[in-house]
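See below for the structure under consideration.
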Amino acid sequence: MAGQEAVWHVVVDDNQYGPLTKGQVLEYLRDESLVGSDLIWRPGYPDWKSISEISDFWHPPRRTAARDGPLAAVRTEQSAKTSQPKRKFSLWKSANIGLAASALSMPLRLVTDGGAFADYAHTASSETIAYLVSEIIALPVLFVLIAGICNLVCWKRPKSNANAFWEAITFISLLAVILGGLVVYGEVFFSSNQIISGEFRKKFVAKANSSCVQRERSQPTKDMPDANIEKIEMYCTCLTERWADATTYKQTADAKGLADLKQRIEAATSSACLSAVR
């Protein structure tokens, strides 16, 4: 039947519904889900018209305060899905996102400066753990600052509905997992019998060289009683480079063994290094 064709479209509160049959439109008019001032259109119309202008429909009463009925229920359901208010950012959730980003970037940092992280994790003192924590939470702090600024700018938004307690537990747990992973990495790193290299070797040589220079300046050897600072530095550089060439990661974790190795290297190479600086 022509009257039962679903060809009608209506607009209510800036939301479009349809296609509807003539019978559906009449039903919504009767229960006041639609009123005469609402807009309606069907194929063949050049533009939208008020329902009261269409002869196919009766002239409904004016809009009342309450608009209940099937169409109102549909409108309410759609509005609930599409009109959720934007909320402020959760600071704890922002911290967790930053911590996850920090964890994802950790492998790259271990490749570029794994020795330093392994050294700090292996030492596991209050100072080294504090350093590791500061390195790990740098990104979370940045994310929290950004979220805080956004919340200040959008201060009218409702509060975040995230559960702060569980977000905090997640943050602490993830931080503990990262620190635990670094400690394991440090143990594995310093169990290797490979000769030290890269940034770790540079730091090892610099530290040993500084100690050697201070020792030679305060207690000159009989072979270099009048040596100037330049010759002392050359001599110490020679010794520490050869010491590093014979040192493994595993040996650096053993203070006594490392000291014994140093004495053997000095005994074996001291004459050669002295000859090089004379």
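The values are calculated or read from the model by the stated rules, or taken from the named source; none is laboratory data. Given the structure is predicted, the values throughout are model-derived calculations rather than measurements. Cβ coordinates were reconstructed from backbone atoms using ideal geometry, including for glycine residues, and neighbour counts include every protein chain displayed.
The table for this structure:
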{"read-out": "Boolean, PRO19 is without any contact (Cβ under 8 Å) to a residue 24 or more places away in the chain and either on the phi > 0 side of the Ramachandran plot or surrounded by fewer than 19 Cβ atoms within 10 Å (Cβ to Cβ) (or both)", "value": "yes"}
{"read-out": "Test: residue in the range 145-164 that is in contact with a helix residue (DSSP H, G or I) (Cβ under 6 Å, 6 or more places away or on another chain), assigned to a helix (DSSP H, G or I) and surrounded by fewer than 17 Cβ atoms within 10 Å (Cβ to Cβ)", "value": "yes"}
{"read-out": "Options ILE129, ILE146: the member that is at pLDDT below 85, among the β-branched types (Val, Ile, Thr) and more than 17 Å from PRO107 (Cα to Cα)", "value": "ILE129"}
{"read-out": "From the options PRO158, PRO140, PRO107, residue that is under 19 Å from the mean Cα position of the chain (by Cα), of a type outside the set (Lys, Arg) and at pLDDT below 90", "value": "PRO107"}
{"read-out": "Residues of the range 223-261 that turn out to be within 15 Å of ALA272 (Cα to Cα) and modelled with pLDDT under 80, as a count", "value": "2"}
{"read-out": "Flag if THR252 is touching a Leu at 6+ places or on another chain (Cβ under 8 Å) and of a type in the set (Val, Ile, Thr)", "value": "yes"}
{"read-out": "Subset of the range 78-104 that is assigned to a helix (DSSP H, G or I) and exposed (fewer than 12 other Cβ atoms within 10 Å of the Cβ) - its residue that is modelled with the highest pLDDT", "value": "LEU104"}
{"read-out": "Answer from ARG75, ARG67, ARG62, ARG42 - the residue that is of a type in the set (Lys, Arg), farther than 30 Å from VAL133 by Cα and at pLDDT 80 or above", "value": "ARG42"}
{"read-out": "Count - residues of the range 231-275 that are in contact with a helix residue (DSSP H, G or I) (Cβ under 8 Å, 6 or more places away or on another chain) and closer than 19 Å to PHE189 by Cα", "value": "9"}
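Residues checked against (1) more than 19 Å from ALA267 (Cα to Cα); (2) aliphatic (A, V, I, L, M):
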| residue | (1), (2) |
| --- | --- |
| LEU182 | yes, yes |
| TYR185 | yes, no |
| SER191 | yes, no |
| TYR235 | no, no |
